[in-house]
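Right, one structure below, let's go through it.
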Amino acid sequence: MLAALLLANAVLLALFLLGATAGREHGGGHVRLAVYGGCAAVSAVNALIVLAFLLGSGPSAPPELSLPIGLPWLPSRFRLDGLSAFILLIVNVVSGLAALYGVGYGRHEEEPARVLPFFPLFLAGMNLVPVADDAFTFLVAWEAMSVSSWLLVLSSHRRPETRRAAQVYLVMAAFGTMAMILTFGILAGAAGDYAFAAMRARDLSPLAAGVVLGGVLLGAGSKAGIVPLHAWLPLAHPAAPSHVSALMSGVMTKVAIYAMIRILFDLVHHVEWWWGLVVLALGAGTAVLGVLYAVVQRDIKTLLAYSTVENVGVIVCGIGLALAFEANGHGALAGLSLVAALFHAFNHSLYKSLLFLGAGAVLTATGHRDLERLGGLIHRLPTTAVACLIGSAAISALPPLNGFASEWLLFQAVLSGPLLNQWGLKLAVPVAGAMLALATALAAACFVRAFGIAFLGRPRSPEAAAAAEVGLSMRLPMMILGGACIVFGVLPVFVLSLLTPLVAGLLGTSPLASGGAGWLWLTPVADRASSYSGMVMLLAVGAMALLTLQVRRIASGRVRRSAAWDCGFPDPSPDTQYTASSFAQPIRRVFGAAAFRTREVVDMPEPGEIRPAHFSVTSRDLVWEWFYRPVVMAIGFVTGRTNKFQFMTIREYLAVMFAALVMLLIVVVVIR
């Protein structure tokens, strides 16, 4: 199985070479079909392989493979276990659908030659990270994933905002890789054995383990989008092609989550209770700030990017709870928390990819990403509208869809917080639970706003009024993802049956989230104090809908028509509708002063004046101002001062090298 996965990745590298032959501007149609079709086929094969492995048809021991490539003294090691197989399932299911979507979406690419070569390379990097079994192979795959996605973000490089997004993303990717190198260096220790098996066998001191936690949060956390390391995400996702945005948001962030889980629960054996407190606080803060940023955005792809930050915060909360319960000896509850985190990662990959593909369909049909330029699309893009409605309901955690199932499972772990021993955790867990509840409510408001403004009402631009549904190759992946959101919400036990053994293997204790009463009921608590059935919920919702229709039929046997209520505005102009900004105004006024330092200025003319009134809103990104801007200014200052070094003479270069050599020799002498 492992050899087949690596062979499939070799096919992706061949597709990379094929993509490089695409036409520079508008040519390369056959190459596009071959590249995206090949990527879809490889992803389908990979998904079937890892699904068979998870279902138990593979060998009992994790298969391992060593190849004589890489560093001279370190061959490249690969290993497939339950955790890596589950992440690969996420990667390849979404990648295959995104590749199918790219067949139609790629026709509208401005420069296909800047997308086609790096799309399969991006998939190859994401497939190699979970199976890497040594630090060198892991980092090479990690960098391949980062650099290829950076090149995809830079595909529309003629736009200034794209170049800025690519610059920020590249800096953050380099920063994350440096943190991961430090983390693996501490795990390897003085022996310098970079194989994961040697790291598992090594016991770290509490100080070294704490440094590893910090390195993971900086390295993998920056790639996942944890606040305050999230600044690249709302810049890069809108700049990338929509099917690439779906992969970066729905899949690449899950590869970063995999790195956190692999290191913290597999390679490190010493867990302190305060780890859970730190990770839980970061996760809760990320969830709330992410959704607050999302709810005030007008650009639909920027909104979705900030929503990814929120969902990553939810997943990180699950990881923090798992660390807290494990440190206190509650292995089953730690397993429940980790299962909830992985289940939410799986669900987020489905509905967030669906929403990004839907945003790409809207962009293709209208040419706009601004919510204020959309409207009325439910009549012109009916299939896209239904798919986006399902995705919006799922991300809002509405039952019986999959987003509700995983968040409900996480809240069952939150309710077990009083079992923890430390008062810091006893107080932090309910606070984090309240913040997660707030984030969930704000997410519902955010996507009511996004779907309502984009698809309902009257068109707000001529392009929206003239929009037409996209092709089948773009609609089919959205329909499949929408159906998956329903299926795994109604029958979540199917996914949990895959997660239970792999989490048990990581923690050494069987988690409680095992399905309990069978495929119909989800019973995560041992005494069955709480349970949930998506099927029963679906039947209840359906029965209530039928009852409502029946009441309406009995109440009136004839159809009565009248003009729609126009809120007191008889003018049929779209300008009289609610806008995205006005919809978000109440939330902005409640939270904006604290989160964004929002200021509203109203300039109302005096009686008798004929000039128009003026209303303006200004907001500040405090994370950018306090965290990133000083770093950017420092880097600019240093690079400006060191730029002269590239214009030195050969004698000056030799003098600098000699001085550096002398300094290094002095350091060696002092240390010895």
Beyond 17 Å, the calculated P(r) of the stretch 426-471 holds a percent of Cα-Cα pairs equal to 57
For the chain, the per residue accessible area (1.4 Å probe, Å²) is 43
Filtered hits (lysines, Cα-Cα < 27 Å from LYS223, offset >= 8 within chain) -> LYS254, LYS301, LYS352
Taking only the alpha carbons of the stretch 364-429, the radius of gyration and the largest Cα-Cα distance, Dmax, both in angstrom, are 19.6, 57
A student asked for the Cα radius of gyration and Dmax of the stretch 1-126 in angstrom ought to give 16.1, 50
Hydrodynamic radius by Kirkwood for the stretch 317-473, inverse mean 1/r across distinct Cα pairs, in Å, is 17.3
Beyond 22 Å, the calculated P(r) of the stretch 279-398 holds a percent of Cα-Cα pairs equal to 42
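Using the Kirkwood radius over C-alpha pairs as Rh, can you work out the diffusion coefficient of the stretch 603-672 via Stokes-Einstein at 25 °C, viscosity 0.890 mPa s, in µm² per second? Intermediate values should be presented prior to the final figure.
Working: Rh = 18.2 Å.
D, rounded to a whole number, is 135 µm²/s.
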Taking r as the C-beta separation of LEU7 and VAL487 and R0 as 25 Å, the FRET efficiency to the nearest 0.05 is 0.25
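Order these peptides, 651-659, 89-97, 162-170, by their mean beta-carbon neighbour count within 10 angstrom, highest first. Please list the in-between numbers first.
Working: 651-659: 10.6, 89-97: 26.7, 162-170: 19.0.
Going from most to least packed, we get 89-97, 162-170, 651-659.
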So for R0 = 45 Å, FRET eff. of ALA52-ARG298 from the Cβ-Cβ r, to 0.05, ends up at 0.50
So the angle from the long Cα axis of helix 29-54 to the longest Cα principal axis of the chain, reported in degrees to the nearest 10, equals 70
By accessible area (1.4 Å), largest first, ASP134, ASP370, ASP203 order as ASP203, ASP370, ASP134
Protection proxy (average C-beta count within 10 Å per residue), highest first, orders 461-474, 319-332 as 319-332, 461-474
Using alpha carbon centers only, the stretch 88-146 is separated from the stretch 208-259 by a whole-angstrom value of 15
Rg/Rh of the stretch 274-347 (Cα atoms, Kirkwood Rh), to two decimals, equals 1.09
With Rh as the Kirkwood radius over Cα pairs, the chain has Rg/Rh of 0.99
Given unit charges at Cβ for Lys, Arg (+) and Asp, Glu (-), the dipole magnitude of the stretch 256-378 about its Cα centre in debye, nearest 20, is 340
For the chain, the dipole about the Cα centre with charges only on Cβ (Lys and Arg +1, Asp and Glu -1), to the nearest 20 debye, works out at 840
Looking only at aspartates and glutamates whose Cα falls under 16 Å of LYS644's and that sit 8 or more positions away or on another chain, we get GLU652
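Accessible area of the stretch 102-171 with a 1.4 Å probe: how many percent of it is carbon plus sulfur?
Details: 1410 of 2320 Å².
With neighbouring chains kept in place, the figure for the stretch 102-171 is 61 percent.
Under unit Cβ charges (Lys, Arg +1; Asp, Glu -1), what dipole magnitude, rounded to 20 debye, does the stretch 167-319 have relative to its Cα centre?
Numbers: 7 positive and 6 negative charges, 52 e Å.
In total the dipole reaches around 260 debye.
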Computed over the Cα atoms of the stretch 167-289, the Rg and Dmax in Å are 15.3, 45
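The values are calculated or read from the model by the stated rules, or taken from the named source; none is laboratory data. Just so it is clear, the structure is predicted and the values come from calculations on it, not from any experiment. So basically every Cβ, Gly included, is an ideal-geometry build from the backbone, and we count neighbours across all protein chains shown. Accessible surface areas use protein heavy atoms only, side chains included; no ligands, DNA or RNA. Shrake-Rupley method; radii C 1.70, N 1.55, O 1.52, S 1.80 Å.
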